[in-house]
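The values are calculated or read from the model by the stated rules, or taken from the named source; none is laboratory data. Values in this document were obtained by computation on a predicted structure and should not be read as measured data. Glycine also receives a Cβ, built like all others from the backbone with ideal geometry; neighbour counts cover every protein chain displayed. These accessible areas exclude ligands, DNA and RNA; they are computed on the full protein's heavy atoms, side chains included. Shrake-Rupley method; radii C 1.70, N 1.55, O 1.52, S 1.80 Å.
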Amino acid sequence: MFILRVCAVTVLFYVGLAWLSPISAEESSGGMVGKQTVGVVVGGMLPVRLTDGQSSKLNGVSAHPSWQMTVTNPIGNEWWSGTIALGVEVALLGIAEPTGAYGVGFTPKAAYTFTSFGRLKPYIEGGGGPLWTNFQGRIPEQGSDFNFLVWGGAGVSYDLTTYWALNAGVRFSHISNADTDTPNRGINYMLPFAGVSAKIF
């Protein structure tokens, strides 16, 4: 029920943003190096069990505020033309099942955004970094509170205006302590997400 409420509030926010923000002319494809974007995506965690040792069904909500900067102008002149961005994001995990738990971390990230589809911009992205949790004694697969989060996924961004965009997509995420403690059977989940971003420079 909590996840449904979060999704409903998110959708209402997007509708209000689209209503308040008139669509403006599209950006020029040149001169994109140094463009900076901040945003946040929110989604519900769906468990993925890849081995017999991963018995927990990890369910909850995950939010990821982020910052990134474009480091290339569009590469190529075909449909796959796009830009590369580097950045960092915060990981905020609120886990409801198999028991109440949390995770807080940050991950450097890289993204490739396809720029040849006008205001609709598909992208692929990924990252990884440290994750501080209270998993020890709560999540049987992980024997320590210090873990790592590694993730990758794909999504699409739609420019509402020159500055504002909506985002949606899906990620695959893996949590592990990199064998710094035992057990270390790992936890996996899919994260369908929706979010909003703004260009700041």
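Per the Kirkwood formula applied to alpha carbons, the chain shows a radius of gyration over Rh ratio, Rg over Rh, of 1.01. Once both labels are positioned 7 Å from their Cα atoms along Cα-to-Cβ, the gap between N77 and F146 label points is 5.2 nm. Loop sites by DSSP among the GluC sites (Glu not before Pro) of the chain, restricted to those with at most 13 other Cβ atoms within 10 angstrom, leave 79-201 as the longest stretch without any of them. Site pair E97 and V48 shows an inter-label distance of 1.9 nm when each label is modelled 7 Å from Cα along Cα→Cβ. Compute the helix-to-body angle for 2-20: its Cα long axis versus the longest principal axis of the chain, expressed 0 to 90° and rounded to tens. With both axes taken from Cα atoms, the answer is about 10 degrees. Ranking of Y123, Y189, Y163 by solvent-accessible surface, largest first: Y163, Y123, Y189 (1.4 Å probe, protein heavy atoms only, all chains present). About its Cα centre, the stretch 80-189 has a charge dipole of approximately 320 debye under the convention of +1 per Lys or Arg Cβ and -1 per Asp or Glu Cβ, with nothing else charged. Measuring r between the beta carbons of M69 and D179 and using R0 = 41 Å, the FRET efficiency lands at 0.75. The calculated Kirkwood hydrodynamic radius for the stretch 137-201 is 14.0 Å, given to one decimal from all distinct C-alpha pairs. Taking label points 7 Å from Cα along the Cα-to-Cβ direction, R138 and V88 give a separation of 2.5 nm.
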